[in-house]
Every structure is written in C-alpha cells, then in structure tokens.
Amino acid sequence: MEKDIRILAIESSCDETAAAVVRNGRDVLSNVISSQIELHKLYGGVVPEIASRKHIEKINQVIEEALTTAGVGLDDLDAVAVTYGPGLVGALLVGVAEAKAISYAKRLPLVGVHHIEGHISANYIENRDLEPPFICLVVSGGHTHLVKVQDYGVYEILGRTRDDAAGEAFDKVARAIGLGYPGGPKIDRLSREGNPQAIPFPRAKVEGAPYDFSFSGLKSAVLNYLNGCRMKGEPVVEADVAASFQQAVVSVLVEHAMLAVEESGIGKLAIAGGVASNQTLRSAMEEACRSRGVRFYRPSPLLCTDNAAMIGAAGYYEFCKGVRHGLDLNAVPNLKLGER
C-alpha cells in the first residue's frame with residue numbers, strides 16, 4: 001500500500017486567507033477560510049493594501065486551525081503547497097513567505113501552485129471519477145478561460161477573454177445598478193425576480209477566434225441602457241436588467257463550452273472559479289450537457305470561490321510529478337497558466 005501524502009496548502013491571492021490539509025489530492029481533512037468581503041464592501045471592491053495587511057493578521061491563525069481540524073502537526077506533513085500567482089502581489093507574498101518559512105523550518109518540500117490550476121483541480125475533490133482529459137471553463141473575477149486539461153498539470157488554453165473577465169463584468173454591472181460589492185452573487189439573486197428576455201443585450205463574438213470571449217461591449221450596453229433610461233426619465237426595472245445581463249453572459253459561456261466539447265470529441269466538461277457558483281450558469285450548463293450526453297462536473301459553491309483545498313489538490317499532482325520550488329520562490333502576479 002502506498003504511503004498517504006498529506007499536504008498543507010495556503011491560498012492568499014486576493015481577499016481570502018485560507019489554509020487546508022489535503023490527503024492524496026482528493027481527501028480534504030480541513031479547509032479553513034477567513035474572508036475579507038465585509039471589510040472591502042466599504043470600498044466597493046478589494047483594496048490591495050488592506051487585503052495584504054489582513055492576510056498578515058490572519059495567516060498564522062488560519063494555518064493553526066487547519067492543522068488542528070485535520071488532527072495533524074507540521075511533523076506529519078509531506079509537503080507545503082502555496083499559490084504564487086496570479087493575484088495581488090502583496091497578498092501573494094504573505095502566503096509565499098509563510099509557506100517558505102514552514103518549508104525551511106521543517107525541511108518540507110515546497111510546491112508553488114498556479115491559482116487557476118487550483119480552481120480547475122477543485123473538481124477532483126468531489127468527483128472521484130474525474131480524470132483528464134476534459135474541457136474546463138474557468139470563470140472568475142479576473143479570468144475567463146476555456147481550457148483543455150490534457151493531463152494532470154498539462155493544459156491547452158483554447159480561448160480566453162479579450163477584455164473584461166466574466167466576474168469583472170458582473171461586479172461592474174452590479175455597481176451600475178446600485179447593488180454594491182460583491183456583484184456576482186447579488187446579480188444572481190436579483191435576476192431570479194426578473195425577465196431574462198426583457199432587454200436584448202448583445203452577445204459578442206471574436207472573429208477568427210470562436211473560443212474567445214469579450215464582455216466589455218456587453219458591460220457598455222448595460223451602462224448605456226441605464227443612462228438612457230435616466231436621461232429619458234423612464235423607470236429602470238433592476239431585476240430585468242440583472243436577468244437580461246446575466247442571460248447574455250451565460251448563453252455565451254455555454255455556447256463556447258459546448259463548441260469546445262463537440263469539436264474536441266471529449267465528452268467531459270467541468271466548470272471552475274467564483275462565477276461557477278452562479279446558479280443560472282450551473283443549471284444552463286447542466287441542461288446543455290444532459291441534452292448532448294456530456295458528463296458534467298462542477299465543484300460545490302464553497303470550492304468555486306478561493307480556498308486552499310483546491311491548492312492542495314493541484315499541489316498533490318505537482319508533487320507527484322516531482323515539482324519542487326526553492327526558497328527563492330517569489331510571487332508572480334501575472335503568472336500565465338502552464339508557466340513554471
């Protein structure tokens with residue numbers, strides 16, 4: 001019987017300070033998250049300097065709680081995995097410095113993990129049957145990627161956004177409507193009260209790049225609609241705006257994902273990232289997959305948002321491939337998927 005591999009994982013790329021202990025890449029022994037959402041609501045979005053300072057305050061507490069919950073000590077671990085990019089540089093540095101300190105003090109292997117690779121790997125935790133190859137749609141506040149997962153840690157980016165990420169568009173539209181931060185969950189809730197066909201917002205296509213996305217024009221169309229109503233003194237039905245905007249985003253995401261599945265011949269689709277917790281997207285993608293006989297995978301909402309369990313899952317497969325980082329590991333805020 002092979003030895004169990006226990007990895008302490010650390011995630012601090014944005015505004016969640018998180019630590020987890022993951023066994024063999026798929027068994028989550030603990031997953032502790034300290035969120036800063038209430039703090040950043042005051043400013044209408046994440047303030048990088050404040051986020052970094054809060055990570056410093058919380059990182060030791062979160063790690064201690066993760067170890068206690070898992071029933072292990074530092075001496076019981078086999079490696080430390082940490083997000084080193086992409087993300088906010090100051091926030092990333094807190095997690096990287098902490099991971100390097102533990103690695104040095106306990107002589108543990110250090111494994112740097114790509115944040116987006118972590119989101120993709122969240123699907124392995126609750127779907128024991130999922131193995132590469134598969135298509136994965138990554139939708140978050142900073143990224144919208146359509147990825148062919150060829151093997152563990154081996155990716156081909158089929159398409160990406162040319163401008164705004166889907167989650168970024170959600171936040172900007174929510175702010176314009178007056179819903180505040182964070183925008184995605186608020187638009188998702190409000191849209192259930194509206195008519196998704198009420199306003200014909202555009203669905204952008206990128207010529208010559210059928211898998212790429214563009215949400216800047218859609219965002220501008222919503223802003224123009226709201227400004228037009230206000231200038232004419234016409235009432236704005238906020239629920240209809242939210243529902244119509246969300247439907248425009250979801251329809252494009254589903255269309256591109258289904259095209260990738262059909263043209264690749266891979267009958268497995270997963271979604272990942274914060275926007276993957278959107279109920280309208282999850283339902284639409286599930287129906288599209290069901291009607292085409294495609295197996296559909298999605299993490300639970302908690303594992304869609306930033307967490308350390310997903311970093312532990314990704315870190316395990318990197319560790320098994322022999323990936324090791326030295327104490328010169330640094331934060332790389334613009335790290336591209338597939339880079340080392």
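The values are calculated or read from the model by the stated rules, or taken from the named source; none is laboratory data. Computed from a predicted model, the values in this text were never measured in an experiment. Methodologically, a virtual Cβ is constructed for each residue, glycine included, from the backbone with ideal geometry; neighbour enumeration extends over all protein chains shown.
Here are a few things to note about the model shown:
- Any chance A221 is small (G, A, S), in contact (Cβ under 8 Å) with a residue 12 or more places away in the chain and touching a helix residue (DSSP H, G or I) at 6+ places or on another chain (Cβ under 8 Å): no
Residues are listed down the side, and each one gets a yes or a no for (1) buried (at least 22 other Cβ atoms within 10 Å of the Cβ); (2) at pLDDT below 95:
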site	(1), (2)
A166	yes, yes
I177	no, yes
Y181	no, yes
K186	no, yes
R189	no, yes
N195	no, no
A204	no, yes
E207	no, yes
S214	no, yes
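- Looking across the range 197-224, the residues that are within 18 Å of R175 (Cα to Cα) and not in a helix (DSSP H, G or I) come down to F201, F215.
- Evaluation of A79 against the conditions (1) assigned by TED's automatic domain parsing to the domain that holds V236; (2) at pLDDT 95 or above; (3) of a type in the set (A, V, I, L, M, F, W, C); (4) within 21 Å of S13 (Cβ to Cβ) shows that the sole unmet condition is (1).
- Selection status of A260, closer than 18 Å to G159 by Cβ, touching a Cys at 6+ places or on another chain (Cβ under 6 Å) and touching a residue at least 40 places away in the same chain (Cβ under 8 Å): no
- Scanning the range 42-62 for residues that are of a type in the set (V, I, T) and within 26 Å of G178 (Cβ to Cβ) yields V46, V47, I50.
- Hits in the range 70-99 (condition: over 15 Å from I7 (Cβ atoms) and part of a helix (DSSP H, G or I)): V89, G90, A91, L92, L93, V94, V96, A97
- Candidate set from the range 268-304 (those that are of a type in the set (S, T, Y) and farther than 25 Å from S13 by Cα); member that is surrounded by the fewest Cβ atoms within 10 Å (Cβ to Cβ): S291
- Number of the condition not met by E207 [criteria: (1) more than 20 Å from A260 (Cβ to Cβ); (2) free of Cβ contacts under 8 Å to residues at least 40 places away in the same chain; (3) charged (D, E, K, R)]: (1)
- L146 meets each of the listed conditions (1) on the phi < 0 side of the Ramachandran plot; (2) surrounded by 19 or more Cβ atoms within 10 Å (Cβ to Cβ); (3) modelled with pLDDT under 95 apart from (3).
- Selection status of F213, over 24 Å from the mean Cα position of the chain (by Cα) and either on the phi < 0 side of the Ramachandran plot or not assigned by TED's automatic domain parsing to the domain that holds Y43 (or both): no
Conditions (1) assigned to a loop (DSSP other than H, G, I, E, B); (2) surrounded by fewer than 19 Cβ atoms within 10 Å (Cβ to Cβ), marked per residue:
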site: E2; (1), (2): yes, yes
site: I10; (1), (2): no, no
site: C14; (1), (2): yes, no
site: V22; (1), (2): no, no
site: G25; (1), (2): yes, no
site: V32; (1), (2): no, no
site: L39; (1), (2): no, yes
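- Candidate set: the range 96-108, residues that are out of contact with any helix residue (DSSP H, G or I) (no Cβ under 7 Å at 6 or more places or on another chain) and touching a residue at least 60 places away in the same chain (Cβ under 8 Å); chosen: the one surrounded by the fewest Cβ atoms within 10 Å (Cβ to Cβ): Y104
- In the range 27-41, the qualifying residues are those that are among the small types (G, A, S) and touching a residue at least 24 places away in the same chain (Cβ under 8 Å), and the one that is nearest to L179 (Cα to Cα) is S34.
- Given (1) more than 16 Å from G274 (Cα to Cα); (2) modelled with pLDDT under 95, number of the condition P132 does not satisfy: (2)
- I157 vs. criteria touching a residue at least 60 places away in the same chain (Cβ under 8 Å), under 16 Å from the mean Cα position of the chain (by Cα), over 24 Å from S12 (Cα atoms) and not assigned by TED's automatic domain parsing to the domain that holds A314: yes
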